[in-house]
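S.K.: Quick one: structure below, then a few questions.
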């Protein structure tokens, strides 16, 4: 029974912040879920290996100017096509440039392009998905039909067409990759919004007069982040692959700036005489994609309640 002497709960009091109370229908603590997720991720060996490889790659990209033993653009024809030695651990290319230094800077460019393009795609796609899922009706119809049109094109084909149309260069490359990833973020965000927008904590927020913007940012988005995080991990791997493919075709990062795809392109004519020119960049691309895929699988296992 309710204690008649208990004070009434005033919605305007500091104890009532608009956040739902713990229990059925309550909005879970984001901090608590992150901590629990990290502990579960640490117990997943493959995901942990992927995370370690990815962190090493990021640190190598950041510290490339400090780690690289040579200028990656410096030509030394006298040292051309040397195999791996103590002074050139990955050998040299056809112009005598140190391959290890060029691979380090190639990782730097791949990580930069992938991170910025996925950040742009995430911001735009998540915003569109939130609007489509929350408001529905005509807003949903217009946004999702536009996303369906973009989604009909494979990422590489769409990026190839956009770069060929607007020209090569870093900004064009980033925008081309980002546009191809926007539909994925929009669709998965919309699905997350539809699954949580009718929960009790959202209704409670509406009853106290909370605006739509605050409801979206404070309640709906945090509780729909799990699939978005997994999508971001998979999208990073795809962005690295698309960037390498475009650079290999001569439409991505332009020489003399090193890129992993460009290094593979340089190795085309030397596969028999200098196989290390293709082996080391190829292994690097494979390791980056492997790490992101393993991390994505681990995040899915941790964040998807259906797999628990």
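S.K.: How high is the FRET efficiency from residue 85 to residue 148, r the C-beta distance, R0 45 Å, rounded to 0.05?
M.R.: After rounding to 0.05, the efficiency reads 0.25.
S.K.: Using a 7 Å offset from the Cα along the Cα-to-Cβ direction at both residue 207 and residue 56, what is the distance between the two label points in nm, to one decimal?
M.R.: Inter-label distance under the simple model: 5.5 nm.
S.K.: What FRET efficiency do you get for residue 127 and residue 254 if R0 is 25 Å and r is their Cβ-Cβ distance, rounded to the nearest 0.05?
M.R.: The formula returns an efficiency of 0.20 here.
S.K.: Additional query: Ranked by Cβ crowding within 10 angstrom, fewest neighbours first, how are 235, 172 ordered?
M.R.: 172, 235
S.K.: Normalised by the residues of region 228-308, what does the relative contact order come to in percent, with Cα pairs under 8 Å and at least six apart?
M.R.: Computed over region 228-308, the figure is 33 percent.
S.K.: Related question: Dividing the Cα convex hull volume of region 223-272 by residue count, how many Å³ per residue is that?
M.R.: 79 Å³
S.K.: How would 173, 131 line up from fewest to most surrounding beta-carbon atoms within 10 angstrom?
M.R.: Exposure proxy ranking, most exposed first: 131, 173.
S.K.: Over all pairs of distinct alpha carbons, what does the Kirkwood formula give as the hydrodynamic radius of region 183-250, in Å?
M.R.: 13.9 Å
S.K.: Residue 95 to residue 289: FRET efficiency via 1/(1 + (r/R0)^6), r the Cβ-Cβ distance, R0 25 Å, to the nearest 0.05?
M.R.: Approximately 0.35, to the nearest 0.05.
Here, each number is a calculation from the coordinates, and none is a lab measurement. Given the structure is predicted, the values throughout are model-derived calculations rather than measurements. Using ideal geometry, Cβ is built from the backbone for each residue, glycine included, and neighbour counts are taken over all protein chains shown.
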